[in-house]
Structures are given as structure tokens and as C-alpha cells.
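Some notes on the structure that comes next.
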């Protein structure tokens, strides 16, 4: 609600610049104020401003692109996002974690990033609004397949970054091999988004969406079977690419359906679903690994993908036919 009012008042580019600078300030304070209660507040602030940036940024990208290039350009964003997740830990490995260099590199990047927005136009026009739980339920009822896919990918991403290293270690791999496996999943997610986006501009996006869901289900089921073979390495690539493809295609389908304020609202719901997926996914997989099976992580993803496959076969899974409004 506050973000929408600010965006309506000062404009999307100005609000994004303010959020980036607020993020830079918060990260700088993390380095200067090593206090647990203070860090909790600062981390909360960082989460808020980054969420606003993602909502407005994804809306801006989808607003700008022409329909025949939507798949490739949104996929380019997805590729850059995945690579940024990989580059962060790699950069920290280079500069080390002994000092505060990682914090100050983050401050520098977030301070300079707003300069890239100067003189840019084409941002969606927004109005002041509130995004309530009722609105989220209506979005989920209207676009159930997209809502499920977003929450599933959020759970996937949270589990890959937090639980997959533990899963690999418990299966007997060394820390270096576990890290390499996580990196392979992220690289698969990043590099294969561009081919998926190119296909999305040439074939049915809904059919491609269904194909990614099926591929994610099958690759998840295959992980326990191929974990101790060389085939696990290309399987990790497929695992990451199919999950990332679902999110990219979700953004593409949202972009072809909405414009301006409606587009921003839809992306706000995406952010809500992202938070739900990030919360539930690791909790469910972690509990399952303790009480059900050591392979709960891939089995959880297989179950989620299976549910999505069943859902997309239903009429109205992608909402009523319409173009961007």
C-alpha cells in the first residue's frame, strides 16, 4: 500500500532509485552496527526495499517489451537474476569473509545502480492501491497455474540455496562436490532461460509451460536414482532449467495479459506468492527429510511439479483468454 502510493506520487523510476539507495544505506549499517537486534531490523528493511524493486522492475520490463520479443527479453532478465545469485557467493569467496569487504561492495553496487535508471522511460503507470489477502486469493483463482508455479519456484530457489548443500553432504559427498552441485543447478537455471525464452516466442507458451512442469517432475524423481552416477551432472542442469523456466514463463504470461497498474498489481501478488513459497518450501522439505525420507527435497519438488501438471490440464488453469489490459 505504501509502495503503491509512493510510486503513484513520485513515479516508478524515482521510487526504485530511493529503494536502491535505502538498500545501500542498510547494508552499510550492517557493517557498522554489528548488533543482532539492529541486524534484524536492517534485514527486514532490506527485504522490503528489494521486494519493491523486484515488483516495479519486473513490471517495467514486461511493460516495455514488444510481444514478439517478450519471451527472449524476459528470459534475459531471468538469466541475469540467476547469474547474480551465483556471482554473489563467488565474489565473496574472492574477497573473503574476514573483513567487511563484501558489505561495502554491496553498498557500492546499490549506490551506483540507480544511475542506470536516469533518463529511462516506459515504466508502468500506477495508482495507489492495497494488495490484500482477498486480492491474492482472487489472483490465485484467476491464474491458478501461474500462482502455483511461482510459489513452487520460490520454494525451489530457497531449498537449493539452503537445503541442497546439506542434502548432498548427507548423501556422502564432500563440501566441494556439494557446492559444485548447487552451482550446476544455478548455472542450468541461468543459461537455459534464453533458449526457453526463444522458444516462448515461437511455440505455444502454455504448452512450453506444461513441458517444463513435466520435465521438473521427471528430473526430480530421477535425482535419488542417479545421484551417485555421472548422469547426475546433466540432470542437475535440467532440474534447474525446468524450474527456472516455469518462473520465466509465468512472468511472460503475466506480461502478455496485463499492463500498467494491473501489471504492477499482478507482480505484487507474485511477490506475495514468492514469500509464501520461500517460507513453506524449506520447512516442508526439512521436516520431510527428518521424518519421512532423506530424499525429501527432490521428492517434495516432484510432488509440487506433479500437482502443477494436474492443474494445467484443467480448463481455465491460465485464466480466461485475453490480451494485455
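The values are calculated or read from the model by the stated rules, or taken from the named source; none is laboratory data. Note that this is a predicted model, so its numbers are computed, not measured. Note: ideal-geometry Cβ built from the backbone for every residue, glycine included; neighbour counts use all protein chains shown.
Yes/no per residue for (1) in a helix (DSSP H, G or I); (2) over 18 Å from the mean Cα position of the chain (by Cα); (3) over 25 Å from residue 264 (Cβ atoms):
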position: 5; (1), (2), (3): yes, yes, no
position: 13; (1), (2), (3): yes, yes, no
position: 23; (1), (2), (3): yes, yes, no
position: 31; (1), (2), (3): yes, yes, yes
position: 37; (1), (2), (3): yes, yes, yes
position: 40; (1), (2), (3): yes, yes, yes
position: 46; (1), (2), (3): yes, no, no
position: 50; (1), (2), (3): yes, no, no
position: 56; (1), (2), (3): yes, no, no
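Among the numbered conditions (1) at pLDDT 85 or above; (2) part of a loop (DSSP other than H, G, I, E, B), tell me where residue 320 comes up short.
Looking at each condition in turn, residue 320 falls short on (1).
Give the residues of the stretch 167-182 that are in contact (Cβ under 8 Å) with a residue 40 or more places away in the chain and in a helix (DSSP H, G or I), sorted by residue number.
Hits for the stretch 167-182 are 167, 170, 181.
Identify, by number, the condition in (1) more than 30 Å from residue 134 (Cβ to Cβ); (2) in a loop (DSSP other than H, G, I, E, B) that residue 187 doesn't meet.
The failed condition is (2).
With (1) over 24 Å from residue 39 (Cβ atoms); (2) within 24 Å of the chain's Cα centre (by Cα); (3) in a helix (DSSP H, G or I) as the list, and residue 88 as the residue in question, which single condition is left unmet?
All conditions are met except number (1).
I'd like to verify a number: residues in the stretch 96-122 that are touching a helix residue (DSSP H, G or I) at 6+ places or on another chain (Cβ under 7 Å) and part of a helix (DSSP H, G or I), how many? First the steps, then the outcome.
Filtering the stretch 96-122 for residues touching a helix residue (DSSP H, G or I) at 6+ places or on another chain (Cβ under 7 Å) gives 100-107, 110-111, 113-114, 117, 120, 122.
Retained after the next criterion (residues that are part of a helix (DSSP H, G or I)): 101-107, 110-111, 113-114, 117.
So the answer is 12.
Could you please find all residues in the stretch 229-272 being in contact (Cβ under 8 Å) with a residue 24 or more places away in the chain and not in a helix (DSSP H, G or I)? Walk me through how you get there before you give the answer.
Just the residues of the stretch 229-272 that are in contact (Cβ under 8 Å) with a residue 24 or more places away in the chain, to begin with: 232-233, 236-272.
Within the stretch 229-272, 256, 257, 258, 259 meet the criteria.
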